[in-house]
There are 2 protein chains.
Amino acid sequence: MVKVAILGYGTVGSGVYEIIHDNDFTEQALNPIKITHILDIRDFPEHPEKDIFTKNFDDILNDDEVYCVAETMGGLHPAYEFTKSLLEKGKNVVTSNKELVATYGPELLAIAKDKNVNYLFEASVGGGIPIIKPMCSSLMSNKIDKIVGILNGTTNFILTEMINKNKDFDEALKNAQENGYAERNPSADIEGHDACRKLAILSSIAWGNFVDYRDIVTEGITAISLEDVKYADKLGYVIKLIGFAEKKQKIFARVSPMFVSKKYPLAGVESVFNAIVVKGNYLGTSMFYGRGAGKFPTASAVVADIIESVRHINAKKAYIEWKPSEPGYMLDINESVCKYFVKCTNSREQIDSLFDNAEFADGVVENETGFITTQMTEGDFKEKIKSLNVTGFIRVLEA
Amino acid sequence: MVKVAILGYGTVGSGVYEIIHDNDFTEQALNPIKITHILDIRDFPEHPEKDIFTKNFDDILNDDEVYCVAETMGGLHPAYEFTKSLLEKGKNVVTSNKELVATYGPELLAIAKDKNVNYLFEASVGGGIPIIKPMCSSLMSNKIDKIVGILNGTTNFILTEMINKNKDFDEALKNAQENGYAERNPSADIEGHDACRKLAILSSIAWGNFVDYRDIVTEGITAISLEDVKYADKLGYVIKLIGFAEKKQKIFARVSPMFVSKKYPLAGVESVFNAIVVKGNYLGTSMFYGRGAGKFPTASAVVADIIESVRHINAKKAYIEWKPSEPGYMLDINESVCKYFVKCTNSREQIDSLFDNAEFADGVVENETGFITTQMTEGDFKEKIKSLNVTGFIRVLEA
């Protein structure tokens, strides 16, 4: 029997407890698994196993029989200190904490390697969608060229309401909050920070060097209007919050709303669903789709990592290593290339004098013209629009 | 340095050679990998490594240093005899051969377990789409309720041509053959046999009991007409060849063309792409999408399995076991439940007297009515339509 502890009995932690309690995973893990400790500062006097709760982290750290710990506390502190102590003690840790992985990943992974234990985090990106492990194993034979994802369910729900139900941003956000899809303070989601951390983790895995989320240009969806949605539709696109990363000589990564071609596989991903497109040099385009959040989807990914760790209890652990990135590893956004959707109050003539072969959409807003440019660097683009009276621009993702 | 052999230097086998030759996977496999033998009955006098070719299987079987063998011959014989001998000798085998896995899987997996070696077959389903490993690992914490997939690229290409370009079946098939997406003898694809074997493999993995492909009711797409495509469109569906499997008390599996709701994630999967929806009890709906065939997508999955096997060279191998199924494990198709699209020459009145709440589409074919029934067992459905003059029916997959 293998002892497992849970740190934090919130939404995900209680889901992990319930899944392990309600199922027998002996066959999958090759050993019976038992939750023997749950750390939480709160009391749970009505809980059927109230005796396994503790407020003292040392009860877990110092129990030599605890083999694996699920960290489902979230936040950086004390999750970081706890995780570090556990790994240094030679315990396996699995987590859903994207903030921690995106911030302290390289250090924690190095300790895990050194101690021959697992630090696994399938649940940190895409909830229950299997994406971390396929990138670490099945796609191992490919050089990954590009990652393009809808990585945040809250913003995708809001945008879907705007697109399909013609609600404006504020109304759609309120609806998301009422449905439990957005926090009362929604800024981590709607400003793109949550997607940014997930993109940093995926990029680090894809290219083996640590991509610091602080180096990723990040824009949220708060400025998106129903007029933008209409322009997009007229031109054959839908607006999505897209995490985009690619590697050529340098790595480039960006989180921003984009016009996504209706022919691109991500265009049909609606509501709280997430999806991640991975482009490999041999495989071509593949996509992973599913529920990106929620108690049981996320908890089931944590449990799969527990099973994985227990299954290889006496084996050499497969490890992930994120080497430090050299200064200047990230392409400057001004050197990145794409098409741009632009709104302005200038004449067609003025626009044509600056942009060749622009694709126009008229009649959405009075005295305003919307158009899509050809491909160019963001630096060139920003230089060109200086002479226009631009009311907004959104980057474009082609099929 | 770990020695690897390839059986069969066809499309996939040569792709495996090229990928390993052109890349250094030492970091991923924790050991350098070298192809030391290629078995093929043909001569390759121009090949830069012509000395590693052999026509004698025993050269590979009896070389104790050959650790892993990629079987990319296809067909049942001698692939079966070769694979069995290799596993019995304690060699790891990875394969893209769905026919072999679907036919002799239980026996070969049992030998692999017994000898503590891998028998891996990611490439046998969905080409390069990572699906087998996620089902074996990431989804381990879920009970899988249902698998619904577009499992064959040839038929999906043909149907997409019919839907988007209004070509009839014969013309679309010809086009597929001209583009290299269909064999000169296309029956394994268009009759559904290829999809059937893949569905058998996925079902066996999902439920741990061997699902024999011979127990899966299989219909191809040869009877699908442009009128069917039009009926589908009018009613809000597209026609796809669907592999469908679910487990309630019994397992039920079927390959057939279906009306797929335009709101279902598979509806947008076009051309040669494949996609597999997996429904887990905790995860909900997830989908895996990508190129289901082709030299390099498939070969890259074979190479990923080689790396996986080499990576755990001295470890206890994770094994898959397919227990024999009890007689009667498969639900009779007459007890399966779905909605049906029906074409007939009867009056609305006659139809209404048999089917409550049918949804009608008129005006596609003169003197013919198309309608979709409510949910019912196939047995009841077939009984009811006996009194109609039915010109065809197609099962329906709702969102």
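The values are calculated or read from the model by the stated rules, or taken from the named source; none is laboratory data. Note that the coordinates shown come from a computational prediction; the quantities given were computed from them, not determined experimentally. Cβ atoms come from the backbone with ideal geometry, glycine included; neighbour counts cover every protein chain shown. When the accessible area is computed, the model is the full protein with side chains, heavy atoms only, and any ligands, DNA or RNA have been set aside. Shrake-Rupley method; radii C 1.70, N 1.55, O 1.52, S 1.80 Å.
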Kindly provide the set of residues from the stretch B:260-299 that are among the charged types (D, E, K, R), under 24 Å from B:Gly13 (Cα atoms) and not in a strand (DSSP E or B), ordered by number. B:Lys295
When (1) away from chain B (no Cβ under 14 Å); (2) part of a helix (DSSP H, G or I); (3) open to solvent by 20 Å² or more (accessible area, probe 1.4 Å); (4) in contact (Cβ under 8 Å) with a residue 24 or more places away in the chain are applied to A:Lys113, the one that fails is (1)
I'm checking my understanding of the structure. Among residues of the stretch A:61-97 that are touching a strand residue (DSSP E or B) at 6+ places or on another chain (Cβ under 7 Å) and among the aromatic types (Phe, Trp, Tyr), which one is farthest from A:Lys198 (Cα to Cα)? A:Tyr67
Going through the stretch A:300-353 in order, the residues found to be part of a helix (DSSP H, G or I), more than 14 Å from chain B (Cβ to nearest Cβ) and either open to solvent by less than 50 Å² (accessible area, probe 1.4 Å) or not hydroxyl-bearing (Ser, Thr, Tyr) (or both) are A:Ile333, A:Asn334, A:Glu335, A:Arg348, A:Glu349, A:Gln350, A:Ile351, A:Asp352
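Can you pull out the residues in the stretch B:23-59 that are of a type in the set (S, T, N, Q), open to solvent by 30 Å² or more (accessible area, probe 1.4 Å) and within 14 Å of chain A (Cβ to nearest Cβ)?
Within the stretch B:23-59, the subset of a type in the set (S, T, N, Q) is B:23, B:26, B:28, B:31, B:36, B:54, B:56.
Remaining after also requiring open to solvent by 30 Å² or more (accessible area, probe 1.4 Å): B:26, B:28, B:31, B:56.
Passing the criteria: B:Thr26, B:Gln28, B:Asn31.
If you scan the stretch B:219-242, which residues turn out to be surrounded by 21 or more Cβ atoms within 10 Å (Cβ to Cβ), under 19 Å from B:Asn274 (Cα atoms) and under 21 Å from the mean Cα position of the chain (by Cα)?
Those that are surrounded by 21 or more Cβ atoms within 10 Å (Cβ to Cβ), under 19 Å from B:Asn274 (Cα atoms) and under 21 Å from the mean Cα position of the chain (by Cα): B:Gly220, B:Ile221, B:Val238, B:Ile239, B:Lys240, B:Leu241, B:Ile242.
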Can you pull out the residues in the stretch A:244-274 that are closer than 21 Å to A:Glu191 by Cβ and among the small types (Gly, Ala, Ser)? A:Ala245, A:Ala253, A:Ser256, A:Ser271
Matching residues, the stretch B:327-353, being aliphatic (A, V, I, L, M) and closer than 12 Å to B:Gly370 by Cβ: B:Val342, B:Ile351
Can you confirm whether B:Met140 is in a helix (DSSP H, G or I), in contact with a strand residue (DSSP E or B) (Cβ under 9 Å, 6 or more places away or on another chain) and within 14 Å of chain A (Cβ to nearest Cβ)? no
Check B:Phe273, B:Phe296, B:Phe259 and return the single one that is over 22 Å from B:Ser204 (Cα atoms), over 16 Å from the mean Cα position of the chain (by Cα) and either at the interface with chain A (Cβ under 9 Å from one of its Cβ atoms) or of a type in the set (Gly, Ala, Ser) (or both). B:Phe296
Does A:Asp145 fit the bill of being closer than 22 Å to B:Gln28 by Cβ and of a type outside the set (Val, Ile, Thr)? yes
Test of understanding: among B:Phe210, B:Phe157, which residue is in contact with a strand residue (DSSP E or B) (Cβ under 8 Å, 6 or more places away or on another chain) and under 30 Å from B:Thr285 (Cβ atoms)? B:Phe210
Please verify whether B:Glu366 is of a type in the set (D, E, K, R) and either farther than 30 Å from B:Val66 by Cα or in a helix (DSSP H, G or I) (or both), treating the condition exactly as stated. yes
Against the condition modelled with pLDDT of 95 or more and in contact with a Cys (Cβ under 8 Å, 6 or more places away or on another chain), how does B:Val255 come out, does it pass? yes
What are the residue pairs meeting all of these: first residue in the stretch A:1-22, first residue within 14 Å of chain B (Cβ to nearest Cβ), second residue of a type in the set (D, E, K, R), Cβ atoms under 6 Å, and 6 or more apart or on different chains? A:Thr11/A:Lys295; A:Gly15/A:Lys295
Looking at B:Gly127, is it open to solvent by less than 10 Å² (accessible area, probe 1.4 Å) and under 30 Å from B:Ser261 (Cα atoms)? yes
Index of the failed condition, B:Gly290 passing every other in (1) open to solvent by 10 Å² or more (accessible area, probe 1.4 Å); (2) at the interface with another protein chain (Cβ under 8 Å from one of its Cβ atoms): (1)
Got a sec? Which of A:Thr154, A:Thr160 is more than 14 Å from chain B (Cβ to nearest Cβ), open to solvent by 10 Å² or more (accessible area, probe 1.4 Å) and either of a type in the set (Val, Ile, Thr) or under 27 Å from B:Leu120 (Cα atoms) (or both)? A:Thr154
B:Val238 vs. criteria touching a helix residue (DSSP H, G or I) at 6+ places or on another chain (Cβ under 7 Å), over 28 Å from B:Asn118 (Cβ atoms), outside any loop (DSSP other than H, G, I, E, B) and of a type in the set (A, V, I, L, M, F, W, C): yes
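Just checking, does the stretch B:265-280 include any residue being closer than 17 Å to B:Val337 by Cβ and at pLDDT 95 or above?
Within the stretch B:265-280 (the criterion being closer than 17 Å to B:Val337 by Cβ and at pLDDT 95 or above), the answer is yes, since at least one residue qualifies.
Mind listing whichever residues of the stretch A:117-129 are within 14 Å of chain B (Cβ to nearest Cβ), outside any strand (DSSP E or B) and modelled with pLDDT of 95 or more? Lay out the reasoning, then the answer.
Our first condition is that a residue be within 14 Å of chain B (Cβ to nearest Cβ); within the stretch A:117-129, this holds for A:118, A:120-129.
Filter once more, keeping what is outside any strand (DSSP E or B): A:118, A:121-129.
The answer is A:Asn118, A:Phe121, A:Glu122, A:Ala123, A:Ser124, A:Val125.
Going by the structure shown, is A:Ala245 within 14 Å of the chain's Cα centre (by Cα), more than 8 Å from chain B (Cβ to nearest Cβ), within 28 Å of B:Thr285 (Cα to Cα) and open to solvent by 30 Å² or more (accessible area, probe 1.4 Å)?
Judged against the criteria, A:Ala245 is not a match.
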